[in-house]
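Below you'll find the structure, written out as structure tokens, and then a few comments.
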Amino acid sequence: MADLVLTLLVGILVLMGIEFLSYRLDKNPTRQRVGVSARDTATSLSVYALARVTRPLGKFTGVPFVVLAAALTPIHLPAAQWWVWVSALVLTDLAYYVKHRIAHRIRFFWAAHSVHHSSQHFNLSTGLRTPWLVPGWFFLSAVVYVPLALVGFPVWMIFGCHAIVIFYQYPIHTERIDRLPRPIEYLFNTPSHHRVHHGANNPYLNKNYGGIFIVWDRLFGSYAEEGEPVRFGLTKNIATHNPIKVNFHEFAAMLGDVRRSRTWRGRLGYLLRPPGWTEVAAQPASTPESGVPGRAAQLAKARG
């Protein structure tokens with residue numbers, strides 16, 4: 001296992017080097033790109049390095065639920081059958097879609113996932129920018145796989161497919177690949193689709209959650225096509241390359257909102273409502289006479 005991880009890391013570094021050289025050698029780019037920043041890349045790599053150390057501890061908060069579900073279920077699918085593997089991969093990807101969408105729509109989980117979206121660049125190093133030890137995030141990651149264990153998929157197969165889903169998404173963090181042939185773009189998550197997902201401008205907010213397959217977004221109404229230029233990052237970007245601040249800025253902001261709230265409704269709202277939710281009195285919808293945006297208009301601008 002250690003040899004496999006080392007091989008993957010070497011492969012990742014090689015791909016990053018190729019991507020960097022492609023920017024240096026591209027004298028006539030066909031479209032505007034954000035490119036690569038040395039400081040931003042260093043931040044992503046430092047965030048990833050610390051996550052490699054702390055992340056295994058966080059898995060203890062969720063994995064036991066999957067193991068327990070597998071022990072209790074009377075159903076056990078045969079791992080030697082090809083259709084079991086195919087079904088496991090497809091359903092794991094669907095479970096990932098659910099988890100990913102929840103992570104964008106509940107602030108407690110967004111506080112962790114926002115780390116991945118905090119870069120204003122979009123390149124292969126961005127794919128490595130993952131949160132450190134966040135028990136709630138790992139709890140969510142494991143719980144969405146409990147139904148797969150209950151229907152009989154082996155635990156090792158579920159988490160093996162999870163690793164495939166995660167690793168698939170690494171090379172699509174790039175601006176260097178434009179659109180792929182239409183059948184691929186229709187079925188699979190691609191660099192174009194994932195650029196949309198990382199967009200902070202309004203047409204792209206809360207779109208394209210898919211891991212391997214983009215069809216989940218098409219089916220469940222969260223799909224958006226890449227059109228206008230994508231502005232990467234957060235709706236309110238953080239002006240720091242400090243990996244500690246990158247990891248905990250949203251947690252600090254969330255807890256600050258909870259502390260300042262004077263009602264339990266507000267405290268729970270700042271934890272469980274979408275990012276951007278605020279505890280304000282209801283306001284009427286905007287009218288041509290007043291010109292004042294109502295509550296719905298305010299929330300529409302918030303990042304989810």
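Among residues of region 171-191 that are closer than 16 Å to ASN208 by Cα, those with a Cβ under 8 angstrom from a residue that is surrounded by fewer than 13 Cβ atoms within 10 Å (Cβ to Cβ), sequence gap 6+ or separate chain, pair up as THR190/ILE184; PRO191/ASP178.
Among the residues of region 131-146, is any modelled with pLDDT under 95, open to solvent by less than 30 Å² (accessible area, probe 1.4 Å), under 22 Å from LEU205 (Cβ atoms) and assigned to a loop (DSSP other than H, G, I, E, B)? Checking region 131-146: at least one residue is modelled with pLDDT under 95, open to solvent by less than 30 Å² (accessible area, probe 1.4 Å), under 22 Å from LEU205 (Cβ atoms) and assigned to a loop (DSSP other than H, G, I, E, B). Counting just the residues of region 198-212 that are open to solvent by 10 Å² or more (accessible area, probe 1.4 Å) and under 18 Å from VAL115 (Cβ atoms), which one comes out nearest to the chain's Cα centre (by Cα)? Checked region 198-212; the qualifying residue nearest to the chain's Cα centre (by Cα) is ASN206.
On the basis of being open to solvent by less than 60 Å² (accessible area, probe 1.4 Å) and either farther than 21 Å from TYR48 by Cβ or not hydroxyl-bearing (Ser, Thr, Tyr) (or both), does PRO229 make the cut? No: the conditions fail for PRO229. So, in region 246-281, of the ones that are without any contact (Cβ under 8 Å) to a residue 12 or more places away in the chain and not in a helix (DSSP H, G or I), which residue ends up least open to solvent (accessible area, probe 1.4 Å)? For region 246-281, the residue satisfying everything is ALA281. Of the residues screened, ALA163 is one that is part of a helix (DSSP H, G or I) and open to solvent by 30 Å² or more (accessible area, probe 1.4 Å). Of all residues in region 232-245, exactly one satisfies the criterion of being touching a residue at least 24 places away in the same chain (Cβ under 8 Å) and open to solvent by 100 Å² or more (accessible area, probe 1.4 Å), namely LYS236. The criterion of being open to solvent by 30 Å² or more (accessible area, probe 1.4 Å) and charged (D, E, K, R) holds for ARG105.
Taking the conditions (1) in a helix (DSSP H, G or I); (2) of a type in the set (Phe, Trp, Tyr); (3) closer than 25 Å to TYR48 by Cα in turn, TYR186 satisfies each one other than (3). In summary, LEU57 fulfils each of the numbered conditions (1) surrounded by 10 or more Cβ atoms within 10 Å (Cβ to Cβ); (2) more than 26 Å from HIS117 (Cβ to Cβ) with the single exception of condition (2).
Filtering region 60-85 to residues that are assigned to a helix (DSSP H, G or I) and either surrounded by 11 or more Cβ atoms within 10 Å (Cβ to Cβ) or in contact with a helix residue (DSSP H, G or I) (Cβ under 6 Å, 6 or more places away or on another chain) (or both) leaves PHE60, THR61, VAL63, PRO64, PHE65, VAL66, VAL67, LEU68, ALA69, ALA70, VAL84, TRP85.
For residues that are among the small types (Gly, Ala, Ser) and out of contact with any Pro (no Cβ under 6 Å at 6 or more places or on another chain), scanning just region 109-126, find the one that is surrounded by the most Cβ atoms within 10 Å (Cβ to Cβ). Taking the candidates together, the pick is SER119. Just give me the residues in region 190-245 being within 27 Å of ARG39 (Cβ to Cβ), among the hydrophobic types (A, V, I, L, M, F, W, C) and outside any loop (DSSP other than H, G, I, E, B), in sequence order. Matches in region 190-245: VAL196, PHE232, ILE244. When region 147-160 is filtered for residues that are touching a helix residue (DSSP H, G or I) at 6+ places or on another chain (Cβ under 6 Å), surrounded by 16 or more Cβ atoms within 10 Å (Cβ to Cβ) and part of a helix (DSSP H, G or I), the ones remaining, listed by number, are LEU148, ALA149, VAL155, MET157, ILE158. Only one of the numbered conditions (1) farther than 24 Å from ARG101 by Cβ; (2) at pLDDT 50 or above is not met by ASP257, and that is (1).
None of ARG195, ARG176 is open to solvent by less than 10 Å² (accessible area, probe 1.4 Å) and of a type in the set (Lys, Arg) except ARG195.
The values are calculated or read from the model by the stated rules, or taken from the named source; none is laboratory data. As the structure is a computational prediction, the values presented were derived from the model and not from experiment. Note that each Cβ is placed from the backbone with ideal geometry, even for glycine, and that neighbours are counted across all protein chains shown. Side chains included, ligands, DNA and RNA excluded: accessible areas come from the protein's heavy atoms. Shrake-Rupley method; radii C 1.70, N 1.55, O 1.52, S 1.80 Å.
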